[in-house]
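Below is one structure, written out as C-alpha cells; comments come after it.
The values are calculated or read from the model by the stated rules, or taken from the named source; none is laboratory data. Bear in mind the structure is a predicted one, so any value in this text is a computation, not a measurement. Every residue, glycine among them, receives a Cβ derived from its backbone with ideal geometry; neighbour counts consider all protein chains shown.
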Amino acid sequence: MNSKIAKEEKTLATILHLSVFSKFIIPFGNFIFPLILWLTKKEKPFIDDHGRKAINFQISLFLYTILVLAIGISIILFQAIRLGGDVPFIIGPEQFYIDEIGQAISIVITIIVFAIILSALFFLEIIAVISASIRASNGENYSFPLCINFIGKDLDNHHNNHQQSKNEQFNNPQNQTL
C-alpha cells in the first residue's frame, strides 16, 4: 500500500495525527487543526481515512473523559453527602476538615481510582497518536483503540451506485417480466 501513496499524503497524514497535540497550547486544538487538515485534502482516500479516524478518536476520548469525570464527581458528592450527616465536614478557601480520616477513606480511594482512569486515557491518547503518526508516515492504515465511529465514510457515492444499479436492472429488458 505504501508504494501507491504519495510522499505528500504520508506527510500530511502524519502532521494531521500529530496536530492533536496542539490541545496543550490551544484549547480544542485537537479538534480544530486535524479537522482543517482533513477537510483541505479530503478527496484523497489516504488522508480521508486517517482524518476521519483521528477526529473520531479525539471525539471518543473527549466523551470518555466527560463520562469518567461525571461519574467520578457524582460518586464523590454522594460519598461527601453521606459522610456529612454525622461528621463535621467543612470546605473553605484554606481548609478541608473531616473529623476522622478513616471515615473519608472512600472519598480518597475514589479520587485515586478516577485519577488512574483519567491518566490511562491520557497515556492511551499519546501512545495511539504516536503509533498512528508512525503508521501514516509508512503509508499504512491505523485503527485507534476504543474509537467510536462518529464520522463514517461518505455514503452518497455508495447510495448513488446502488440506486444506479437498481435503475439499470429495471431498464434492462432481459430482467423484466410480465
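For THR65, the criteria (1) modelled with pLDDT under 95; (2) in a helix (DSSP H, G or I) hold in every case but one, which is (1). Restricting ILE134, ILE90 to those that are in contact with an Asp or Glu (Cβ under 9 Å, 6 or more places away or on another chain) and either within 30 Å of LEU77 (Cα to Cα) or at pLDDT 90 or above (or both) reduces the list to ILE134. Restricted to the stretch 1-51, and to residues there that are of a type in the set (Val, Ile, Thr) and touching a Gly at 6+ places or on another chain (Cβ under 9 Å), the residue that is farthest from ALA136 (Cα to Cα) is VAL20. Taking the conditions (1) part of a helix (DSSP H, G or I); (2) among the charged types (D, E, K, R); (3) closer than 29 Å to LEU35 by Cβ; (4) modelled with pLDDT of 65 or more in turn, ARG82 satisfies each one other than (3).
For the stretch 1-47, the candidate set comprises residues that are in a loop (DSSP other than H, G, I, E, B) and of a type in the set (A, V, I, L, M); within that set, the residue that is surrounded by the most Cβ atoms within 10 Å (Cβ to Cβ) is ILE5. Annotation: of all residues in the stretch 114-144 being out of contact with any helix residue (DSSP H, G or I) (no Cβ under 6 Å at 6 or more places or on another chain) and outside any helix (DSSP H, G or I), the one that is surrounded by the most Cβ atoms within 10 Å (Cβ to Cβ) is GLU140.
Annotation: of all residues in the stretch 65-77 being among the hydrophobic types (A, V, I, L, M, F, W, C) and surrounded by 13 or more Cβ atoms within 10 Å (Cβ to Cβ), the one that is farthest from CYS147 (Cα to Cα) is ILE76.
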